[in-house]
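Data block below; observations after.
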Amino acid sequence: MTSAAIITAAGRGKRAGGEIPKQWQWLAGKSILQHAVECFRRAGGFSTIIVTIHPDDRGLAAGLGPDVTLVDGGATRAESVRNALEFIDNTGVSQVYIHDGARPFPSPALIDRLRDALTHSPAAAPALAVTDALWRGQAGFVTGVQDRADLYRAQTPQAFHFAPILAAHRAHQGNAADDVEVARAAGLAVAIVAGEEDNIKITLPQDFVRAARILASRAEPGRAGLG
């Protein structure tokens, strides 16, 4: 199997604050996006690493490395992913792993779990079971409760056999929260693999603090090489 990684990084990420989009902001001497790219390098087995970017960010992307191919993103996440999928069509890629550039810490073990799942499913994605009580609310007040049974917090990377996810994106109209939504709209079965608490997505300013703590914990004796 020939595998490609697609890392989406064309968004603006304004909720995270800062003068530049969150994926380009620095964490421990590297951009958030650089951390994500390096996770796929460490996992190994990828013939191509593609990063979708906003055209205004090409200068920021110069330091990602010679093994990274830049593809212009679209107006939506779904359009950015489709641009990347079309770019690698007819190149012999049989599996593709699609990841959010604002998630800097997918581990090699997580990627291995996805690889294993693709041996018996056309698609696989990591998730964490919801364990907290869930409420519905309106105008600052609790209006009801939600059963948490069978609910999961979705993560990326999400992995697919290439031909089915390309066909799914070609058929999909409009945007989607993630590629699992696109896949399921096309009738693809998606296996769930165990996600990881450290596989956070940078969304708000306080997430940078949490990310720094994760990196610090991995630098502790006996914990090196986990990410």
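Just so it is clear, none of the values below were taken in a lab; they were calculated from the coordinates. Please read all numbers here as calculations on a predicted model, not as lab measurements. When we count neighbours, we look across all protein chains shown, and the Cβ atoms used for this are built from the backbone with ideal geometry, even at glycine.
When the residues of segment 121-150 are filtered to those that are loosely packed, with under 11 Cβ neighbours inside 10 Å and of a type in the set (D, E, K, R), which remaining residue is farthest from P106 (Cα to Cα)?
Filtering segment 121-150 for residues that are loosely packed, with under 11 Cβ neighbours inside 10 Å and of a type in the set (D, E, K, R), the one farthest from P106 (Cα to Cα) comes out as R136.
Restricting attention to segment 162-177, and to residues there that are surrounded by fewer than 19 Cβ atoms within 10 Å (Cβ to Cβ) and in contact with a Ser or Thr (Cβ under 9 Å, 6 or more places away or on another chain), which single residue is nearest to D112 (Cα to Cα)?
Ranking the candidates gives A163 first.
N83 is checked against (1) closer than 28 Å to V209 by Cβ; (2) in contact (Cβ under 8 Å) with a residue 12 or more places away in the chain; (3) of a type outside the set (A, V, I, L, M, F, W, C) and fails just one. What number does that condition carry?
Looking at each condition in turn, N83 falls short on (1).
Hey, among A194, A211, which residue is over 26 Å from S3 (Cα atoms), touching a residue at least 60 places away in the same chain (Cβ under 8 Å) and in contact with a Pro (Cβ under 7 Å, 6 or more places away or on another chain)?
The conditions single out A211.
Hey, can you tell me all the residues within segment 165-213 that are of a type in the set (A, V, I, L, M, F, W, C) and more than 24 Å from L85 (Cα to Cα)?
The answer is A194, I200, I202, L204, F208, V209, A211, A212.
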